[in-house]
Amino acid sequence: MKKVIMIFFLFASILMYSETKKENLAVEHWQGVLKVSGVELRIVFNIENDTEGKLIGTLDSPDQGAYGIPVDKVNIEKGVWRLEVNAVGGLYEGKEKDGKIEGTWLQNNNSLPLILEKIDEIKKPKRPQVPQKPYPYIEREVEYENEKAGIKLAGTLTLPKEGGPFPAVLLITGSGS
(Lines give C-alpha, C1' and ligand atoms only; values in the text may rest on other atoms or scores of the structure.)
Protein backbone atom coordinates (compact mmCIF):
# COMPACT_ATOMS: atom_id res chain seq x y z
CA MET A 1 0.00 0.00 0.00
CA LYS A 2 2.94 2.31 0.70
CA LYS A 3 3.99 1.95 -2.95
CA VAL A 4 0.50 2.98 -4.08
CA ILE A 5 0.72 6.15 -2.01
CA MET A 6 4.21 6.86 -3.38
CA ILE A 7 3.10 6.25 -6.95
CA PHE A 8 0.35 8.82 -6.92
CA PHE A 9 0.38 12.11 -5.11
CA LEU A 10 -2.13 13.78 -7.33
CA PHE A 11 -2.95 17.46 -7.30
CA ALA A 12 -4.09 20.51 -9.33
CA SER A 13 -5.56 20.83 -12.75
CA ILE A 14 -3.92 23.28 -15.18
CA LEU A 15 -3.14 22.59 -18.84
CA MET A 16 0.47 23.24 -19.86
CA TYR A 17 1.96 23.73 -23.32
CA SER A 18 4.46 21.50 -25.07
CA GLU A 19 6.88 22.00 -27.91
CA THR A 20 5.80 19.21 -30.27
CA LYS A 21 3.11 19.39 -32.96
CA LYS A 22 0.88 16.69 -34.38
CA GLU A 23 -1.46 17.87 -37.10
CA ASN A 24 -5.27 17.87 -36.70
CA LEU A 25 -5.38 16.08 -33.36
CA ALA A 26 -8.73 16.35 -31.60
CA VAL A 27 -8.87 15.22 -28.00
CA GLU A 28 -7.63 11.66 -27.72
CA HIS A 29 -7.94 9.60 -24.54
CA TRP A 30 -5.36 6.86 -23.98
CA GLN A 31 -5.98 4.49 -21.06
CA GLY A 32 -3.85 1.84 -19.41
CA VAL A 33 -3.70 -0.03 -16.11
CA LEU A 34 -0.85 0.25 -13.62
CA LYS A 35 -0.43 -2.79 -11.40
CA VAL A 36 1.06 -1.68 -8.10
CA SER A 37 1.37 -4.01 -5.08
CA GLY A 38 -1.67 -6.03 -6.13
CA VAL A 39 -3.77 -2.94 -6.87
CA GLU A 40 -4.86 -1.98 -10.38
CA LEU A 41 -5.14 1.74 -11.18
CA ARG A 42 -6.49 3.06 -14.45
CA ILE A 43 -4.40 5.87 -15.94
CA VAL A 44 -5.71 8.09 -18.74
CA PHE A 45 -3.71 10.55 -20.80
CA ASN A 46 -5.82 13.19 -22.59
CA ILE A 47 -3.89 14.65 -25.53
CA GLU A 48 -4.96 17.45 -27.87
CA ASN A 49 -3.74 20.45 -29.84
CA ASP A 50 -4.00 23.92 -28.35
CA THR A 51 -5.06 26.90 -30.49
CA GLU A 52 -1.50 27.23 -31.85
CA GLY A 53 -1.29 23.56 -32.85
CA LYS A 54 1.01 22.54 -29.98
CA LEU A 55 0.31 19.32 -28.13
CA ILE A 56 -0.99 19.66 -24.59
CA GLY A 57 -2.32 17.09 -22.19
CA THR A 58 -3.65 16.09 -18.83
CA LEU A 59 -3.46 12.92 -16.77
CA ASP A 60 -6.44 11.32 -15.02
CA SER A 61 -6.50 8.58 -12.42
CA PRO A 62 -10.25 7.79 -12.36
CA ASP A 63 -9.99 5.12 -9.67
CA GLN A 64 -8.44 7.71 -7.35
CA GLY A 65 -10.87 10.49 -8.35
CA ALA A 66 -8.01 12.59 -9.75
CA TYR A 67 -8.63 14.46 -13.00
CA GLY A 68 -6.88 17.16 -15.02
CA ILE A 69 -3.33 16.77 -13.70
CA PRO A 70 -1.15 18.76 -16.11
CA VAL A 71 1.17 16.95 -18.48
CA ASP A 72 4.02 19.45 -18.63
CA LYS A 73 5.70 18.17 -21.77
CA VAL A 74 4.06 16.22 -24.57
CA ASN A 75 6.43 14.86 -27.18
CA ILE A 76 5.12 12.50 -29.86
CA GLU A 77 7.47 11.92 -32.77
CA LYS A 78 7.55 9.01 -35.23
CA GLY A 79 5.39 6.88 -32.95
CA VAL A 80 7.53 7.47 -29.86
CA TRP A 81 5.73 9.04 -26.89
CA ARG A 82 7.30 10.95 -24.00
CA LEU A 83 4.94 12.56 -21.47
CA GLU A 84 6.28 14.39 -18.40
CA VAL A 85 3.98 14.93 -15.40
CA ASN A 86 5.91 17.10 -12.94
CA ALA A 87 3.08 17.38 -10.38
CA VAL A 88 3.51 13.68 -9.53
CA GLY A 89 7.16 13.32 -10.54
CA GLY A 90 6.15 10.94 -13.33
CA LEU A 91 7.32 10.17 -16.83
CA TYR A 92 5.73 7.95 -19.46
CA GLU A 93 7.77 6.67 -22.39
CA GLY A 94 6.27 4.39 -25.01
CA LYS A 95 6.16 3.38 -28.63
CA GLU A 96 3.12 2.93 -30.88
CA LYS A 97 2.60 -0.67 -31.96
CA ASP A 98 -0.51 -2.28 -33.45
CA GLY A 99 -2.84 0.58 -32.39
CA LYS A 100 -1.52 0.61 -28.81
CA ILE A 101 1.31 2.37 -27.04
CA GLU A 102 3.62 -0.03 -25.25
CA GLY A 103 5.65 1.75 -22.62
CA THR A 104 6.81 2.34 -19.09
CA TRP A 105 5.64 4.61 -16.29
CA LEU A 106 8.59 5.94 -14.24
CA GLN A 107 8.03 7.51 -10.84
CA ASN A 108 9.93 7.63 -7.53
CA ASN A 109 12.60 5.17 -8.70
CA ASN A 110 9.86 2.74 -9.78
CA SER A 111 9.47 1.48 -13.32
CA LEU A 112 6.12 -0.08 -14.21
CA PRO A 113 4.90 -1.41 -17.56
CA LEU A 114 1.97 0.56 -18.94
CA ILE A 115 0.23 -0.27 -22.22
CA LEU A 116 -2.13 2.46 -23.42
CA GLU A 117 -5.15 1.89 -25.63
CA LYS A 118 -7.28 4.59 -27.22
CA ILE A 119 -10.74 4.94 -25.65
CA ASP A 120 -13.75 7.07 -26.56
CA GLU A 121 -14.66 8.18 -23.06
CA ILE A 122 -13.40 7.96 -19.51
CA LYS A 123 -15.58 5.79 -17.30
CA LYS A 124 -15.77 7.17 -13.81
CA PRO A 125 -16.09 4.67 -10.96
CA LYS A 126 -19.61 4.07 -9.71
CA ARG A 127 -20.07 5.51 -6.26
CA PRO A 128 -23.80 5.35 -5.58
CA GLN A 129 -23.60 6.65 -2.02
CA VAL A 130 -24.28 10.38 -1.96
CA PRO A 131 -25.55 11.14 1.55
CA GLN A 132 -27.89 14.08 1.97
CA LYS A 133 -28.55 16.04 5.17
CA PRO A 134 -30.04 15.40 7.63
CA TYR A 135 -27.75 12.41 8.05
CA PRO A 136 -28.91 9.33 9.94
CA TYR A 137 -25.80 9.68 12.13
CA ILE A 138 -23.96 12.27 14.24
CA GLU A 139 -21.28 14.30 12.49
CA ARG A 140 -18.52 16.22 14.32
CA GLU A 141 -15.50 18.13 13.03
CA VAL A 142 -12.42 17.19 15.06
CA GLU A 143 -8.78 18.35 15.23
CA TYR A 144 -5.63 16.97 16.75
CA GLU A 145 -2.53 19.11 17.04
CA ASN A 146 0.87 17.45 17.15
CA GLU A 147 2.98 20.29 18.53
CA LYS A 148 6.22 18.30 18.36
CA ALA A 149 5.82 17.67 14.61
CA GLY A 150 4.28 21.09 14.00
CA ILE A 151 1.19 19.73 12.24
CA LYS A 152 -2.53 19.65 12.83
CA LEU A 153 -4.72 16.76 11.72
CA ALA A 154 -8.38 17.46 11.13
CA GLY A 155 -11.29 15.37 10.00
CA THR A 156 -14.91 14.44 10.39
CA LEU A 157 -16.00 12.00 13.07
CA THR A 158 -19.25 10.18 12.42
CA LEU A 159 -21.05 8.25 15.13
CA PRO A 160 -24.24 6.20 15.22
CA LYS A 161 -27.11 8.14 16.81
CA GLU A 162 -27.80 5.33 19.28
CA GLY A 163 -26.78 1.84 20.33
CA GLY A 164 -23.29 0.47 20.55
CA PRO A 165 -20.62 -0.36 21.25
CA PHE A 166 -19.51 -0.37 17.60
CA PRO A 167 -16.20 -1.12 15.89
CA ALA A 168 -14.25 1.89 14.63
CA VAL A 169 -12.76 2.55 11.21
CA LEU A 170 -10.26 5.30 10.47
CA LEU A 171 -10.10 6.40 6.82
CA ILE A 172 -7.11 8.50 5.79
CA THR A 173 -7.11 10.02 2.31
CA GLY A 174 -5.13 12.64 0.48
CA SER A 175 -1.47 13.52 0.68
CA GLY A 176 0.91 15.98 2.23
CA SER A 177 1.47 16.57 5.93
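The table below gives the values:
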item	result
Every pair of residues 6+ apart whose Cβ atoms lie under 7 Å, when the first sits in segment 152-177 and is within 22 Å of Asp63 (Cβ to Cβ) while the second is surrounded by 10 or more Cβ atoms within 10 Å (Cβ to Cβ) and modelled with pLDDT under 85	Ser175/Phe9
Qualifying positions in segment 136-177 - of a type in the set (Ser, Thr, Tyr) and modelled with pLDDT of 85 or more	Tyr137, Tyr144, Thr156, Thr158
In segment 131-148, the residues that are free of Cβ contacts under 8 Å to residues at least 24 places away in the same chain, outside any strand (DSSP E or B) and loosely packed, with under 10 Cβ neighbours inside 10 Å	Gln132, Lys133, Pro134, Glu147, Lys148
Checklist (1) open to solvent by less than 100 Å² (accessible area, probe 1.4 Å); (2) touching an Asp or Glu at 6+ places or on another chain (Cβ under 7 Å); (3) of a type outside the set (A, V, I, L, M) applied to Pro160, failing item	(2)
Verdict on Lys97 being at negative phi, open to solvent by 100 Å² or more (accessible area, probe 1.4 Å) and in contact with a strand residue (DSSP E or B) (Cβ under 7 Å, 6 or more places away or on another chain)	no
Complete set of residues in segment 34-62 that are within 12 Å of the chain's Cα centre (by Cα) and open to solvent by 30 Å² or more (accessible area, probe 1.4 Å)	Arg42
Test: Thr20 is over 19 Å from the mean Cα position of the chain (by Cα), outside any strand (DSSP E or B) and at pLDDT below 90	no
Any chance Asn109 is of a type in the set (S, T, N, Q) and open to solvent by 80 Å² or more (accessible area, probe 1.4 Å)	yes
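The values are calculated or read from the model by the stated rules, or taken from the named source; none is laboratory data. This structure is a prediction, so every number in the text was calculated from the model and none was measured. Every residue, glycine among them, receives a Cβ derived from its backbone with ideal geometry; neighbour counts consider all protein chains shown. Remember, those area values only see protein heavy atoms, side chains included, never the ligands or the DNA or RNA. Shrake-Rupley method; radii C 1.70, N 1.55, O 1.52, S 1.80 Å.
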